[in-house]
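Worksheet: the structure to be examined is printed underneath.
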């Protein structure tokens, strides 16, 4: 069955769309006057003088977690590189001198130009070795080398000054970055 939809009949000034054009101009004029006389109601943040607080679930720059001895927690299992949809993580694994120790990353690089900040690398890591909670808002660089994170850059996050993120804790617990189900999963493994 075919249903016929009748269009409304336009007559006079409505046929020229003058009323709609004037209505749009009045709306624009109202916004201009409100923003001109009441600038404090603008949703604008005057960055970098005033910075908004970064939420706790913010996906910022990547970092590698350290063990107590200062070595990276990563065992070069390649799960983060495998789960990355942008293929921006490159890991070169090396064998430890002691046969009872696991592998370690000789080279760990992340290309921020390719990264989509999805967080799948964090979720795939079984050892909580990689996190995305460094509170940097700007990732600017003039050369490609400026936006490629090496293992050394990923490990140096302890003494950095993040004054605009008062809630940032480089040693924050696993419960903040992961869900309760993941923590229970880790407890059952041990």
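We did not get these values from a lab; they are worked out from the coordinates using the rules stated. Please read all numbers here as calculations on a predicted model, not as lab measurements. Cβ: placed from backbone, ideal geometry, glycine included. Neighbour counts: every protein chain shown.
In this calculation the C-beta distance from residue 93 to residue 116 is compared with R0 = 41 Å, giving a FRET efficiency of 0.95.
Extension gain for the segment residue 25 to residue 10, taken as residue separation times 0.36 nm less the Cα-Cα distance, is 3.3 nm to one decimal.
Once both labels are positioned 7 Å from their Cα atoms along Cα-to-Cβ, the gap between residue 53 and residue 101 label points is 4.2 nm.
What order do you get for 128, 107, 133 when you list them from fewest to most C-beta neighbours inside 10 Å? Ordered from fewest to most neighbouring Cβ atoms within 10 Å, 128, 107, 133 come out as 107, 128, 133. With a Förster radius of 35 Å applied to the C-beta separation of residue 83 and residue 137, the computed FRET efficiency comes to 0.90. Using the Cβ-Cβ distance between residue 124 and residue 69 with R0 = 22 Å, the FRET efficiency computed as 1/(1 + (r/R0)^6) comes to roughly 0.35. Taking the number of Cβ atoms within 10 Å of each Cβ as an exposure proxy, the fewest-first ranking of 148, 21 is 21, 148. Points 7 angstrom from Cα along the Cβ direction at residue 36 and residue 146: gap in nanometres? Between residue 36 and residue 146, the label points sit 3.9 nm apart.
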